[in-house]
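See structure below.
The values are calculated or read from the model by the stated rules, or taken from the named source; none is laboratory data. All values derive from a computational prediction rather than experimental measurement. Here Cβ is always computed from backbone atoms with ideal geometry, including for glycine, and neighbour counts include all displayed protein chains.
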Amino acid sequence: MSGDHSHNDSQIDSGSRINDTHKHKDKYKDKEHKHKDHKKDKEREKSKYGNSDHKDFSEKKHREKEKERVKHKDGSTDRHKDKHKDKDKRKEENIKPKKEKENGFASPPRIKCEPDNDDFYHSPKSLKRERDDDEAEVKPKKIKTENDRVDKKGKKRKPGDEDIKPKKTQKNKKGDVTEGKKKAKKEPEEKWKWWEEERYTDGSKWRFLEHKGPVMAAPYEPLPSNVRFSYDGKSMKLSLGAEEVATFFAKMLDHEYTTKEIFQKNFFNDWRKEMTSEERAKITDLKKCNFNEMAEYFKAQSEARKAMTKEDKLKIKAENERLLQEYGFCIMDNHKERIANFRIEPPGLFRGRGDHPKMGMLKRRIRPEDIIINCSKDSKHPKPPPGTKWKEVRHDNKVTWLVSWTENIQGSIKYIMLNPSSRIKGEKDWQKYETARNLKKCVERLRHQYREDWKSKEMKIRQRAVALYFIDKLALRAGNEKEEGESADTVGCCSLRVEHINLHAEKDGQEFVVEFDFLGKDSIRYYNKVPVEKRVFKNLQLFMENKQPEDDLFDRLNTSILNKHLQELMDGLTAKVFRTYNASITLQQQLKELTNPDENLPAKILSYNRANRAVAILCNHQRAAPKTFEKSMQNLQAKIDAKKDQLAEAKRDLKGAKADLKVRRDEKSKKALESKKKAVERVEEQLMKLEVQATDREENKQIALGTSKLNYLDPRISVAWCKKWGIPIEKIYNKTQREKFAWAIDMADEDFEF
DNA sequence: TAATGAACTTAGAAGTTCATTA
DNA sequence: TAATGAACTTCTAAGTTCATTA
């Protein structure tokens with residue numbers, strides 16, 4: 001993938017969250033950055049020169065090839081290239097694309113005869129859930145932990161849906177539970193297949209909801225008196241409130257955060273607010289504060305925790321489990337469901353990402369009086385801790401959250417919601433992929449449209465069209481406007497500024513190259529050089545005319561305009577659907593391309609990871625290279641070397657055995673030969689496995705696969721692939737992932753097509 | 001129509017657990 | 001059996017989108 005989307009040198013840089021264009025803003029930051037950059041450079045050098053010797057050349061070649069496959073020299077992906085090529089040709093020949101009719105852009109053909117249920121599966125907008133309303137009016141006495149309702153309703157997914165097959169659900173004994181929790185806890189009862197049931201059509205999210213409320217943060221435990229804080233060389237006893245905030249800082253002392261000026265400033269500011277007036281009068285300079293004893297104390301504590309006896313550790317584990325059982329589940333519409341985050345966020349210092357102007361501010365302790373509870377009127381309401389009250393108890397079944405509170409840093413609302421394995425999250429997830437599949441049906445029409453719009457007389461439309469092209473081709477995020485000074489300066493497509501792109505009429509032998517360099521979500525750098533079509537290039541020049549670097553590139557556009565437009569083109573279409581669509585379609589294509597039927601299991605899994613990786617690169621999902629990367633790589637290489645020696649030896653043995661047989665020609669030496677042969681094969685396979693592992697790890701150094709796997713890739717593609725090649729699903733998804741994607745694992749068969 | 005608020009998804013880092021190896 | 005490192009889980013920040021309000 002050449003210079004574009006990926007790990008060329010400049011891309012490696014991109015792991016650093018530094019935006020060069022912002023250097024001038026803050027001297028301090030600048031220093032920080034340089035330091036970081038320097039470290040990165042060093043690392044890069046190391047990996048370039050130090051660490052590569054273990055890799056043989058052909059492997060590297062292979063990786064390069066892989067990159068090539070994913071992206072072309074010109075930065076376009078295969079899919080785009082081909083499709084655009086097709087389009088161009090068609091245009092020239094003035095022929096209507098064959099596909100158009102087949103896909104029925106305006107309104108996709110029905111696959112099934114019953115319109116109602118057809119819609120149910122294919123048009124997320126009209127997803128239905130015709131539950132018996134009476135069922136939920138009353139507080140359920142019985143919590144279904146199984147799929148018994150399916151039978152009752154007798155109505156499930158329609159056969160005839162191309163990719164979704166009805167499962168025979170064998171009726172199971174009801175998981176009758178009076179108290180809900182207890183029973184469900186023990187039997188690993190059959191999983192509820194919510195995907196075989198219908199959805200609510202009235203916008204409500206549930207009929208019945210009962211839970212125990214959140215787990216509050218543990219109260220502050222004062223420091224023992226021998227652990228002291230000192231100011232200006234003199235130890236001093238802090239008031240409880242001030243001490244608590246001081247411990248937050250002390251706990252972070254060896255984190256880079258505490259070296260940053262803004263962090264220090266914000267912390268000190270907020271800390272002083274918690275001090276008594278005497279303390280405030282005395283403590284006026286952070287530099288004079290000594291937190292070391294505190295920091296040591298916490299370090300010792302964490303050591304002690306590690307060194308605890310097995311027994312004590314088990315005790316803690318049991319207590320956690322108890323909490324989980326008590327607070328970690330709720331009852332929603334007859335089913336016991338896992339809650340994702342049932343703990344209230346503890347107080348601490350705010351850790352923003354990138355250059356966040358509010359880093360270091362005090363995240364205050366949340367009290368019951370701050371908390372809104374959401375549950376059914378007729379449920380057993382959660383009790384606030386003794387002597388306290390909730391802010392409010394409401395019964396809003398149009399939302400999915402159980403608990404909410406307003407956080408003090410940005411003033412935004414935080415929620416407690418259900419686990420990804422829950423019905424309510426799963427349905428939404430499934431629906432997301434169905435929308436993306438709908439986009440697949442009309443994406444060619446949309447691409448044609450925005451290409452036409454590049455020529456529009458209206459600036460607004462041109463901008464919209466160019467932005468959409470970027471979102472489609474590069475999988476950029478929509479890019480909402482942000483309030484300045486409230487968070488790190490990051491952008492997405494619509495909020496790109498002139499300073500974020502560079503135009504090159506010619507670069508590295510390519511025409512019309514756009515060079516992107518900006519900080520995206522989480523202040524992750526996006527760096528990419530992309531050849532674009534001439535018309536796009538010319539438009540960009542136009543958009544940039546008479547503008548300052550800090551001006552908006554698309555000054556006539558924002559996400560709301562863009563999304564309104566998209567909504568008109570396809571029901572349910574928004575900018576982010578393109579990311580989902582392009583990610584999933586890329587996975588599917590890459591899997592097709594990379595999977596070699598003759599290869600063994602580890603090789604196939606490597607192919608899967610490579611396909612996954614292609615998507616992660618497309619979506620710019622990066623991670624900091626693990627601190628231990630070099631070392632672990634070396635260790636692995638040592639293992640490989642040892643294995644090679646072992647193989648050589650095994651081969652020698654084999655040779656010897658052959659010679660033996662020639663001389664002796666007896667049964668015994670024949671047998672010996674066989675076993676030596678087997679030994680060689682075994683070692684060869686082991687070696688291969690190790691080598692594959694090394695390749696995989698190396699290629700993954702700075703790329704995070706998890707995000708795309710969890711959020712962008714239609715799990716049915718992976719499930720189908722596993723089924724097709726006989727790969728155990730466990731090789732691809734761990735337990736949590738299997739729970740989240742249970743619906744896909746159950747419904748997709750090997751010929752599922754995204 | 002822009003600003004604000006609310007709800008929900010997506011994100012990487014940090015923390016914890018588990019498996020492997022010396 | 002401890003140390004190590006990878007895998008997995010948790011945490012919560014940072015996005016997108018849609019609804020509401022001014």
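Selection within the stretch A:698-733: residues that are in a helix (DSSP H, G or I) and of a type in the set (Lys, Arg). The member of this set that is nearest to A:Ala436 (Cα to Cα) is A:Arg716. Of all residue pairs spaced 6 or more apart or on separate chains, those with beta-carbon atoms under 9 Å, a first member in the stretch A:389-418 that is more than 15 Å from A:Gly213 (Cα to Cα) and a second member that is among the small types (Gly, Ala, Ser) and more than 9 Å from DNA strand C (Cβ to nearest atom) are A:Asn397/A:Ser204; A:Asn397/A:Ser376; A:Lys398/A:Ser204; A:Ile413/A:Ser404. Beta carbons closer than 9 Å, at least 6 apart along the sequence or on distinct chains, pair a first residue in the stretch A:327-348 that is without any contact (Cβ under 8 Å) to a residue 24 or more places away in the chain with a second that is assigned to a strand (DSSP E or B) for A:Gly328/A:Val215; A:Gly328/A:Arg338; A:Gly328/A:Ile339.
What pairs come up if the first residue lies in the stretch A:636-648 and is in contact (Cβ under 8 Å) with a residue 12 or more places away in the chain, the second is assigned to a helix (DSSP H, G or I) and within 11 Å of DNA strand B (Cβ to nearest atom), and their beta carbons are under 8 Å apart, counting only those six or more places apart or on different chains? Once the first residue is in contact (Cβ under 8 Å) with a residue 12 or more places away in the chain and sits in the stretch A:636-648, its partners that are assigned to a helix (DSSP H, G or I) and within 11 Å of DNA strand B (Cβ to nearest atom) give A:Leu636/A:Leu690; A:Leu636/A:Gln693; A:Lys639/A:Leu690; A:Ile640/A:Leu690; A:Lys643/A:Gln686; A:Lys643/A:Leu690. May I ask you to verify whether A:Arg462 is touching a Phe, Trp or Tyr at 6+ places or on another chain (Cβ under 9 Å), at negative phi, surrounded by fewer than 20 Cβ atoms within 10 Å (Cβ to Cβ) and not acidic (Asp, Glu)? When the stated conditions are applied, A:Arg462 does not pass them.
Looking at A:Thr695, A:Thr736, which is the one that is part of a helix (DSSP H, G or I), among the β-branched types (Val, Ile, Thr) and within 14 Å of DNA strand B (Cβ to nearest atom)? After ruling out the rest, the residue left standing is A:Thr736. Can you tell me which residue is farthest from DNA strand C (Cβ to nearest atom) among those in the stretch A:699-728 that are aliphatic (A, V, I, L, M) and at pLDDT 95 or above? Selected residue: A:Ala720. Of the residues contained in the stretch A:506-528, one or more are found to be under 24 Å from A:Arg353 (Cβ atoms), in the same structural domain as A:Tyr433 (by the TED database), within 13 Å of DNA strand B (Cβ to nearest atom) and among the polar types (S, T, N, Q).
Against the conditions (1) more than 11 Å from DNA strand C (Cβ to nearest atom); (2) under 29 Å from the mean Cα position of the chain (by Cα), A:Arg665 satisfies every one except (2). For first residues located in the stretch A:555-573 and more than 12 Å from A:Leu446 (Cα to Cα), partners that are more than 14 Å from DNA strand B (Cβ to nearest atom) and small (Gly, Ala, Ser) and lie 6+ apart or on another chain with Cβ distances below 7 Å form the pairs A:Leu557/A:Ala467; A:Leu562/A:Ala467; A:Asp571/A:Ser123. List, please: which pairs have Cβ atoms under 7 Å, are six or more places apart or on different chains, and start with a residue in the stretch A:617-634 that is over 15 Å from A:Gln693 (Cβ atoms) and end with one that is within 12 Å of DNA strand C (Cβ to nearest atom) and assigned to a strand (DSSP E or B)? Every condition considered, the pairs that remain are A:Asn620/A:Tyr526. Against the numbered list (1) at pLDDT 95 or above; (2) charged (D, E, K, R); (3) within 16 Å of DNA strand C (Cβ to nearest atom), A:Arg322 comes up short only at (1).
So that you can scan it fast, the table gives a plain yes or no per residue for (1) over 13 Å from A:Gly360 (Cβ atoms); (2) not acidic (Asp, Glu):
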| site | (1), (2) |
| --- | --- |
| A:Ser235 | yes, yes |
| A:Thr247 | yes, yes |
| A:Asn266 | no, yes |
| A:Glu278 | yes, no |
| A:Leu286 | no, yes |
| A:Asn292 | yes, yes |
| A:Ala295 | yes, yes |
| A:Glu303 | yes, no |
| A:Glu311 | yes, no |
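Only one of the listed residues (A:Glu599, A:Glu593) is away from DNA strand C (no atom under 16 Å from the Cβ), out of contact with any Leu (no Cβ under 8 Å at 6 or more places or on another chain), outside the structural domain of A:Asp453 (by the TED database) and not in a loop (DSSP other than H, G, I, E, B). That residue is A:Glu593.
Each residue in the stretch A:322-368 was checked for being more than 21 Å from A:Glu261 (Cα to Cα) and either within 13 Å of DNA strand B (Cβ to nearest atom) or among the β-branched types (Val, Ile, Thr) (or both), and 12 pass.
Here's the yes/no breakdown for (1) more than 30 Å from A:Thr258 (Cα to Cα); (2) surrounded by fewer than 16 Cβ atoms within 10 Å (Cβ to Cβ):
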| residue | (1), (2) |
| --- | --- |
| A:Ile371 | yes, no |
| A:Lys377 | yes, yes |
| A:Lys380 | yes, yes |
| A:Pro384 | yes, no |
| A:Lys389 | yes, yes |
| A:Leu402 | yes, no |
| A:Asn408 | no, no |
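Out of curiosity, is A:Ala242 in contact with an Asp or Glu (Cβ under 6 Å, 6 or more places away or on another chain) and closer than 19 Å to A:Phe350 by Cα? Criteria met by A:Ala242. Restricting A:Ala246, A:Ala304, A:Ala281 to those that are more than 16 Å from A:Lys358 (Cβ to Cβ) and touching a helix residue (DSSP H, G or I) at 6+ places or on another chain (Cβ under 7 Å) reduces the list to A:Ala246. Residues that are surrounded by fewer than 16 Cβ atoms within 10 Å (Cβ to Cβ) and over 17 Å from A:Leu687 (Cβ atoms) were ranked within the stretch A:617-648; the one that is farthest from the chain's Cα centre (by Cα) is A:Gln634. Of the helices (runs of 4 or more DSSP H) that lie entirely inside the stretch A:241-331, those containing 1 or more residues that are within 33 Å of the chain's Cα centre (by Cα) span A:261-274, A:292-306, A:310-327. Just give me the residues in the stretch A:391-417 being within 13 Å of A:Ile344 (Cα to Cα) and touching a Pro at 6+ places or on another chain (Cβ under 9 Å), in sequence order. Correct list: A:Leu402, A:Val403, A:Trp405, A:Ile416.
Any chance the stretch A:594-603 includes a residue that's surrounded by 18 or more Cβ atoms within 10 Å (Cβ to Cβ) and under 23 Å from A:Gly492 (Cα atoms)? The answer is no, given that none of the residues of the stretch A:594-603 is surrounded by 18 or more Cβ atoms within 10 Å (Cβ to Cβ) and under 23 Å from A:Gly492 (Cα atoms).
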